[in-house]
Amino acid sequence: NDYHAIRASHRNRQVKVFAATASGRMVPVTHFISIIGPDRSLETPSAAARFVSLFTLQRKEDTTADLLGGGTYASSMGSGATTAAGAVWASPFVFLTQKHGEVCNHATLLCSLLLGFGLDAYCVVGTEGADNQSHMWVATRRRITNTDFEVTYWEPTTGERLPTNGAHNYQSVGCAFNHLNFFANSQDNDRAVTTNFNFDDEAQWSPLNQLKLRMIPKFPNPSLLYIPVNTRLMEVEVEEKLKKLVKDYRDTIGLRTAWDEGLASVTSQALSSYEAQRTDPHIQADPSTFHACVKGTIGDGKTFKGFPINVTHISEAKIMSSMQAAAAGREILQLSADDLKHALRVKVFVFPEGVLSIWVMLSAKYRPLP
């Protein structure tokens, strides 16, 4: 077609126009994006990015190319687009309900939320890493001049915001799209660090006719549901179950366990700080107050060790397994020392759709051997 005729290298670019639904129907990728208005519990774009990053990512390395390839740029709808096994894109409703999906689901949801905040947001399909694996992320634009834009990349699986010329892992840009427009990258250089995002320049971007994008009915706009959660009750229940697992584990290796509730209370502030930094990486944490609180709680001549972990579930068995799998976690679980006491604190942060960010801190205070 016309796009491939521009230069031979265009045949190898990540240009994804169509995606398969669960029913087998091929629809434009623009149909997976809509404007989702801000929710009271998502007060900033950074909070929206954090929310999306908490959805479980299904890493299927063998199907990523199928998910983000195929359905190539075409001059007319349905011109030979095919469905590869495992290449189905879940609808926005399914993704919100299941709370897990592929990177395409994370990217389209994040783009929809950023559009709701009034940002000029687009999903980007391209490659990442030294091996140029297919990937999808989000870009937002802020106009500086008539032809120049300040562009920020958003990684939907982690919530990170990255400048285009910063320390990111993106290699190339094949196409960009949102709920209204689709553009294939026609620039001679498709490197992610140098791509110009002036979509008005048709010498650099090949647009797909908007009328063709509208020929197929779109998904209804999803809305976010807020599910009330008694966080205090959940925190206490998980703590008690985890304490039992920790005690049972230490019993099996012949170690006594004693708990310090005062120290557990002090560690709460650290967990709140960790979540705040994940939500807004620009927050500068000042650990001095926390360190002073710990020092005042454990007393002179004692040592403090802590192991924080962040999960999105309330399975105490899985949390315990994660602690045992980490060297720092095992060290505290297996610690034997004079005047030793352990502490455990759980903090639950609630997002729309019942999505949870749960922080757990296992810590210990003890008198080191001389």
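The values are calculated or read from the model by the stated rules, or taken from the named source; none is laboratory data. As the structure is a prediction and not an experimental result, all values here were calculated from the model. Cβ sites come from the backbone with ideal geometry, for glycine too, and all protein chains shown count toward neighbours. Keep in mind that these areas ignore ligands, DNA and RNA; they rest on the heavy atoms of the full protein, side chains included. Shrake-Rupley method; radii C 1.70, N 1.55, O 1.52, S 1.80 Å.
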Task: Centroid-to-centroid separation of region 181-232 and region 294-321 [C-alpha atoms, Å] - done: 42
Open item on the list: If I take R0 = 51 Å and measure r between the Cβ atoms of His313 and Glu202 in this structure, what FRET efficiency does the formula 1/(1 + (r/R0)^6) give, to the nearest 0.05?
Closed with: 0.60
TODO: Can you tell me which of 243-253, 189-199 comes out highest on packing, and rank the rest after it, using the mean Cβ neighbours within 10 Å?
DONE: 189-199, 243-253
Task: Carbon and sulfur %, accessible surface of the chain computed with the full protein complex present, 1.4 Å - done: 51
Task: Candidate aspartates and glutamates - alpha carbon under 19 Å from Lys302, same-chain residues fewer than 8 apart omitted - done: Asp260, Glu261, Glu331, Asp338, Asp339
- [ ] Over region 237-321, calculate the relative contact order: mean separation of alpha carbon pairs under 8 Å at least 6 apart, over the residue count, as a percent.
- [x] 40
Task: Segment Leu211-Tyr226, extension gain: residue separation times 0.36 nm, minus the distance between their alpha carbons - done: 1.8 nm
- [ ] For region 198-350, state the semi-axes of the equivalent ellipsoid (square roots of 5 times the eigenvalues of the alpha-carbon gyration tensor), sorted largest first and rounded to whole angstrom.
- [x] 46, 20, 16
Open item on the list: Suppose each label sits 7 Å from its Cα in the direction of the beta carbon; what would the His100-Glu331 distance come out to in nanometres?
Closed with: 3.2
- [ ] Would you list, by chain and number, the lysines whose Cα falls below 17 Å from the Cα of Lys212, excluding same-chain residues fewer than 8 positions away?
- [x] Lys16
Open item on the list: Using only DSSP helix segments of four residues or longer, with each worth -39500 (n - 2.57), what per-residue ellipticity at 222 nm results for the chain after dividing by its residue count and rounding to 500?
Closed with: -9000 deg cm²/dmol
Open item on the list: Longer than 32 Å from Cα to Cα, which of Lys99/Lys244; Lys218/Lys318; Lys241/Lys305; Lys99/Lys295; Lys99/Lys305 are they? Say none if no pair is.
Closed with: Lys218/Lys318; Lys99/Lys295; Lys99/Lys305
Task: Where labels lie 7 Å past Cα in the beta-carbon direction, separation of Asn181 and Ala167 in nm - done: 3.3
TODO: Would you please classify the overall shape of region 256-299 from the alpha carbon gyration tensor, given that a ≥ b ≥ c denote the square roots of the eigenvalues, rounded means a/c under 1.5, and beyond that prolate means a/b larger than b/c while oblate covers the rest?
DONE: oblate
Task: Mean separation of Cα contacts under 8 Å, 6 or more apart, over the residue count of region 95-179: relative contact order % - done: 29
TODO: Quick one: compute the contact order of the chain, relative version, from alpha carbon pairs under 8 angstrom and 6+ residues apart, as a percent.
DONE: 17
Task: Rounded FRET efficiency, nearest 0.05, which uses the C-beta distance separating Asp251 from Asp131 and R0 of 35 Å - done: 0.15
TODO: Give, rounded to the nearest 20 debye, the magnitude of the charge dipole that the chain has about its Cα centre when Lys and Arg contribute +1 at Cβ and Asp and Glu contribute -1 at Cβ.
DONE: 580
TODO: Provide the per residue accessible area, probe 1.4 Å, for the chain, rounded to a whole number of square angstrom.
DONE: 47
Task: Prolate/oblate/rounded label for the chain (Cα gyration tensor, a/c 1.5) - done: prolate
Task: Cα gyration tensor shape for region 93-199, rounded if a/c is under 1.5, else prolate or oblate - done: oblate
